[in-house]
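Chemist: Before I ask anything, let me first share the structure, which is written out below as structure tokens.
The values are calculated or read from the model by the stated rules, or taken from the named source; none is laboratory data. Remember, predicted model here, so these are calculated numbers, not experimental data. Glycine also receives a Cβ, built like all others from the backbone with ideal geometry; neighbour counts cover every protein chain displayed. Just so you know, the surface numbers come from the protein's heavy atoms only, side chains and all, with ligands and any DNA or RNA stripped out. Shrake-Rupley method; radii C 1.70, N 1.55, O 1.52, S 1.80 Å.
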Amino acid sequence: PEETVTSSFASFIHAVRPEHLSKTVCHRSKRMILDSIGVGLVGSTTHVFDIALQYCRLYSSVAVSSVYGKPGVKLSPTLAAFTNGVATHSMDFDDTWHPATHPSGAVLPALLAASQMLPPSTKPNGMDFLLAFNVGLEVQGRLMHFSTEAHNIPKRFHPPSVVGTMGSAAATAKLLSLSTAQCAHALGIAASLAGAPMANAATQAKPLHVGNATRLGFEAALLAARGMEANPLILDDIPGCSGFSAFYSVYQPKPLSTPSDHHEFLLEKQDIAFKRFPAHLGMHWVVDAALSVRNLFINYAGSFSPSLIRTVVLKIPVSKYINRPFPSSEHQARHSFQFNACAALLDGEVGLSSFTESSIQRQELRELLDKVVVEHPEDNVANFDKMYGEVALLLHSGDVLTGKCDTFYGHWRKPLSKESLLKKFRSNASHVLPEEKIETIITMVDNLENLSDSSQL
């Protein structure tokens, strides 16, 4: 039969082998796995996670898969994937790629749950796990490149709910060793389960987008394994009949070549952004700019004194859902340029405690927020590869101090060091695990390709 875009993706998922993973891809993806586990562990301490877990515990059948931060608690595999996906995105602390999505949280929980689901005789080893994880990343990345719309900060669909669902289906299909035809059907089924609106950003519902992506992609693979079929042209551009193109206004799909002796994964060319604090990625530019101008202010005045400031000018890209002058909840605060800039100015840092109710509602912060003026320079585009953050302090004396950030520490152009990534993981994991287990996880992920049974993770 004639090759289609959809069949090329299915062939790739089925045919790709561990030897196609380069040292760079293995190194980068293991960093992602470690960071995602840590983010999921600290995320298991949140209120939205508790709500999701209470819901999932209504269903007790085939409880074989573990839950982040809850020793002894197990759920059915797909509900464990859902719950752990919610944990991963509950603080908006998870990794981000370009074009914009959160790739790990949509894939890793499904693979962890599936590894525990499989019988002892068919447990995937660590290399199988690592390959399936990278298949999930690759499919997400390739799909995002089908549309120029995906390169900018999203306005309609939250990307992990779209490409993440497809990535989870692809990764799980690979781990379960589905046939080429079954891989194609898994993608088709996943497309019918994908998509969530951006209007639910900055609410408790947003973490459900990642939880659903990993769970529903997993379910799509399980359904395909049991014989369910879907449109075999789901990724192709068929005039008059939208498939995956329904999620994008501009859609130009390209086939994915079947690996022969070599395949260059997108992760080889495009590294991942790791967040230093739990907030929307765009906040990292304004926080670093605010910290820069804060240092200038201290050198100027001897200490940070908000009373000397007449106006705080933020120069940011146009993006409605993260332009929030007076956030009233932790989720709104994580999606507010104004809040994160002012919190950084006041405290000299942004961290977990920045998003507590007491921190959000304190009087000195509200007074500083009153002084904020937002500008949208034409050259500051809503694109995570091109945007910048600038914070200017207009003082009552007439002096002006300015801080600007083009690339924050943790961006793919300025990756976190090994020491910084491990520090973040240890800090996150310490909220629910003892030190010896934290170090065991670090060692296990670092040597994942040598693990005989990936369910041990």
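Chemist: From the Cα trace of segment 368-432, what convex hull volume per residue do you get, rounded to a whole Å³?
Modeler: 172
Chemist: Also, quick follow-up: What is the spin-label model distance, in nm, from residue 246 to residue 301 if the labels are put 7 Å beyond Cα along the C-beta direction?
Modeler: Label at residue 246, label at residue 301, 5.4 nm between them.
Chemist: Another one. If one puts a single equal scatterer on every Cα of segment 191-330 and applies the Debye formula without solvent, what log₁₀ I(q)/I(0) results at q = 0.08, 0.11, 0.20, 0.21 Å⁻¹?
Modeler: Log10 I(q)/I(0), no solvent term: -0.44, -0.74, -1.44, -1.46.
Chemist: Work out how much length residue 320 to residue 181 would gain on full extension: take 0.36 nm times their residue separation and subtract the Cα-Cα distance, in nm to one decimal. Spell out each step's value before the answer.
Modeler: On the way: separation 139, 0.36 × 139 = 50.04 nm, distance 4.17 nm.
Full extension from residue 320 to residue 181 adds 45.9 nm.
Chemist: With a 1.4 Å probe and all protein chains kept in place, how do 208, 75 rank by accessible area, largest first? Don't skip to the answer; put the middle values down first.
Modeler: Numbers: 208 60, 75 5 Å².
Correct descending sequence by accessible area is 208, 75.
Chemist: So, one more: Would you mind pulling out the separation of the Cα centroids of segment 203-223 and segment 376-418, in Å?
Modeler: 33
Chemist: For n ≥ 4 DSSP H runs only, could you compute -39500 (n - 2.57) per run for the chain, divide by its residues and tell me the 222 nm figure to the nearest 500? If you can, show how the numbers build up before the last one.
Modeler: Numbers: 17 runs with 201 residues, N = 457.
So the helix-based figure for the chain works out to -13500 deg cm²/dmol.
Chemist: Here's a follow-up. DSSP H helices in the chain with Cα extent of 20 Å or more along the helix axis and mean Kyte-Doolittle hydropathy at least -0.5? Show your work: numbers first, answer last.
Modeler: Values: long enough: 23-43 (30 Å, 0.31); 126-144 (27 Å, 0.79); 206-225 (29 Å, 0.47); 283-301 (26 Å, 0.72).
Result, helices passing both filters: 23-43, 126-144, 206-225, 283-301.
Chemist: Which longest run of the chain has no exposed loop site in it, a site being GluC sites (Glu not before Pro) in a DSSP loop with at most 10 other beta carbons within 10 Å, and the site itself not part of the run? Write out the running numbers ahead of the final one.
Modeler: Details: sites that count: 2, 3, 378.
Answer from the scan: 4-377.
Chemist: Do any of 155/315; 70/320; 70/414 go past 29 Å between their Cα atoms, and which?
Modeler: 70/320; 70/414
Chemist: Can you give the relative contact order of the chain as a percent, counting alpha carbon pairs under 8 Å and 6+ residues apart? Present the calculation step by step, with values, prior to reporting the outcome.
Modeler: Working: 942 pairs, mean separation 96.2, N = 457.
It rounds to 21 percent for the chain.
Chemist: Also, I was wondering about something else. Need the C-alpha centroid separation for segment 97-119 versus segment 137-176, integer Å.
Modeler: Comparing the Cα centres of segment 97-119 and segment 137-176, I get a distance of 12 Å.
Chemist: From the square roots a ≥ b ≥ c of the eigenvalues of the alpha-carbon gyration tensor of segment 1-57, which class results: rounded (a/c under 1.5), prolate (a/b over b/c), or oblate? Present the calculation step by step, with values, prior to reporting the outcome.
Modeler: Working: a/c = 4.62, a/b = 1.71, b/c = 2.70.
Judged from the Cα gyration tensor, segment 1-57 comes out oblate (a/c at least 1.5, b/c at or above a/b).
Chemist: Contact order normalised by length for segment 281-405, with contacts defined as Cα pairs under 8 Å and 6 or more residues apart; what percent is it? The partial results should precede the final answer.
Modeler: Working: 222 pairs, mean separation 52.7, N = 125.
Averaging sequence separation for qualifying contacts and normalising by length gives 42 percent for segment 281-405.
Chemist: Another one. Nearest 20 debye, what's the magnitude of the dipole of segment 281-405 about its Cα centre given +1 on Lys and Arg Cβ and -1 on Asp and Glu Cβ?
Modeler: Working: 11 positive and 14 negative charges, 26 e Å.
Value, rounded to 20: 120 debye.
Chemist: Given segment 396-457 reduced to its alpha-carbon atoms as identical point scatterers, what log10 I(q)/I(0) does the Debye formula return at q = 0.12, 0.14, 0.15 Å⁻¹?
Modeler: -0.51, -0.61, -0.66
Chemist: Using the scaling law 2.2 N^0.38 Å as the reference, what is the normalised Cα Rg of the chain?
Modeler: 0.98
Chemist: Net charge near residue 388, counting Lys/Arg +1 and Asp/Glu -1 over other residues with Cβ under 15 Å of its Cβ? Could you put the intermediate results ahead of the total?
Modeler: Values: positive: 315, 386, 404, 413, 414; negative: 288, 375, 378, 379, 385, 390, 406.
Within the 15 Å Cβ shell, the charges total -2.
Chemist: Of 386, 155, 174, which has the most accessible area and how do the rest follow, probe 1.4 Å? If you can, show how the numbers build up before the last one.
Modeler: On the way: 386 140, 155 180, 174 30 Å².
My answer, sorted largest first, is 155, 386, 174.
Chemist: List the residues, sorted by chain then number, that are 5 or more residues from residue 311 or on another chain and whose placed amide H is less than 5 Å from its amide H.
Modeler: 394
Chemist: Please arrange 74, 371 by accessible surface area, largest first, computed with a 1.4 Å probe and ligands excluded.
Modeler: 74, 371
Chemist: Sticking to Cα atoms, compute the Rg of segment 281-405 to one decimal and its Dmax as the biggest Cα-Cα distance, whole number, in Å.
Modeler: Using the Cα atoms of segment 281-405, the pair Rg, Dmax is 13.4, 36 Å.
Chemist: Between residue 409 and residue 435, what is the label-to-label distance in nm when each label sits 7 Å out along the Cα-to-Cβ direction?
Modeler: 2.4
Chemist: How large is the dipole of the chain about the Cα centre if only Lys and Arg carry +1 and Asp and Glu carry -1, each at its Cβ, rounded to the nearest 20 debye? Provide the component values of the computation, followed by the final result.
Modeler: Working: 38 positive and 41 negative charges, 123 e Å.
Computed about the Cα centre, the dipole is about 580 debye.
Chemist: Place +1 on the Cβ of every Lys and Arg and -1 on the Cβ of every Asp and Glu in segment 281-405, take the dipole about the Cα centre, and give the residue among 329, 402, 304 whose Cα lies farthest towards its positive end.
Modeler: 329
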